[in-house]
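Data block below; observations after.
Read the figures in this text as sums done on the coordinates, not as results from a lab. Only a predicted model underlies this, so the values are computations on that prediction, with no experimental measurement involved. Here Cβ is always computed from backbone atoms with ideal geometry, including for glycine, and neighbour counts include all displayed protein chains.
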Amino acid sequence: MEALFGELKRCFRFKQDDQAALRALHQVVAPEIPAVAEAVHNYALEQEGARAVLGDTAAQTLQVKAQLLDWMNQMLSGPWDGDYFERRCRIGRMAFRINLPEHCIVGAMVFVEQQLARIINRHFAERTDERDRRTDAVRKILGIELSILLQAYREVLTTQELRTERLSTIGQLVSAIGHELRNPFAIIESSLFVVRSHAAGDERILKHLHRIGEQLNISTSIVAALLDLVSDRPLARSPQKLEGLLHEVLATLVVPPGVQVKIEGVAGLPELQADGMRLRQALRNVLENALYAAGPNGVVAVQAQERQGTIVLTVADSGPGVAAEIQKRLFEPLISNKQGGTGLGLPLAKRFIERHGGSITYAPDEKGTRFILKLPVAESAQADG
């Protein structure tokens, strides 16, 4: 990818003179950059699809403005090296992950160019040569910025499309195999019942039959989970209270000795229009994962709140966190951070939550693991897709 950066510099004829012009410009306009960052943020919130992604709470606004300020200062002051390029790639990849539309990225770049051109014209109205050099340098660096961001954005998109196509093929295969296995499993289960009745009193044989039964239950559960993962059966929606669903799920889970479960903010939340069985399964998978990860004497914290027609549920644990090499693949089938895990719990939770029009994301924490679930309330629930 760094070869691309060099090619972009050549393509836009971004040379040492342009870098010097940008640094000189930065010294002049630095006091005005916070106002430009605020104007860019306000512009972005007006674009279709951007407000839902960027958010408009006080904390979110401060964070986005700080990021814009940092981005603009780096763009004008450099250095324009490999680290600069990699930071821009990360921004492009992040824009894709948060579903920021491409037209918002392009529009923001055009808006920044207009804002900087206005400032340059005001400061260098009498010095046309300096004005033109700085305007040209800004145009070049913004062209490079936009090219990097869109390239990184589209690379992630292409990778996602290939992965979706691969998972679709796997899904068809899993569905066919799963249905073929159900009959043999049913025969094995009924045969076990018959053999147990004839082996009464023989502890050695009964012990082996019990182990066979346990493994059969595990295999049946895996097949059922895989079929749920690829199923498009309509959701059986009805009004559901998150508080009730959580308590029902926790009543079925085994909480390890010494682990504390803290629940806040779930009382009084509006109803969800949800398939109770599938949503309970999604919550169970996430909470079971947190309880396992918390470790001895750990804490699992569950917090909920409503934000603009969406219930935001955070499930955090105080465990060691997720290995870096697994973080990006947490929601892929058969990828597990748990010893003896099937790697289907989180993918299945993601599948069920997304079918409800919601989302689940992994958010790295200073200590432990944090998952953020978002679900639309009854009034804004979308028709099942």
Taking the beta-carbon count within 10 Å as an exposure proxy, list Asp317, Asp202, Asp136 from fewest neighbours to most. Asp202, Asp136, Asp317
For Ile188, Ile311, Ile91, ascending order of other Cβ atoms within 10 Å (fewest first) is Ile188, Ile91, Ile311
Estimated FRET transfer efficiency when R0 is 51 angstrom, pair Thr310-Asn121 (beta carbons, to 0.05): 0.75
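What does the charge add up to near Glu243, with Lys and Arg as +1, Asp and Glu as -1, over the other residues with Cβ less than 15 Å from its Cβ?
Result for the local shell: -1.
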The alpha-carbon center of the range 104-144 and that of the range 361-377 are separated, in whole Å, by 39 Å
If packing is taken as the average number of other Cβ atoms within 10 Å across a peptide's residues, how do 119-129, 28-38 rank, most packed first? 28-38, 119-129
Length added when fully stretched, Lys262-Ile188, from 0.36 nm per residue minus Cα-Cα: 22.4 nm
If R0 = 30 Å, then His210 and Ser359, at their Cβ-Cβ distance, give a FRET efficiency to the nearest 0.05 of 0.15
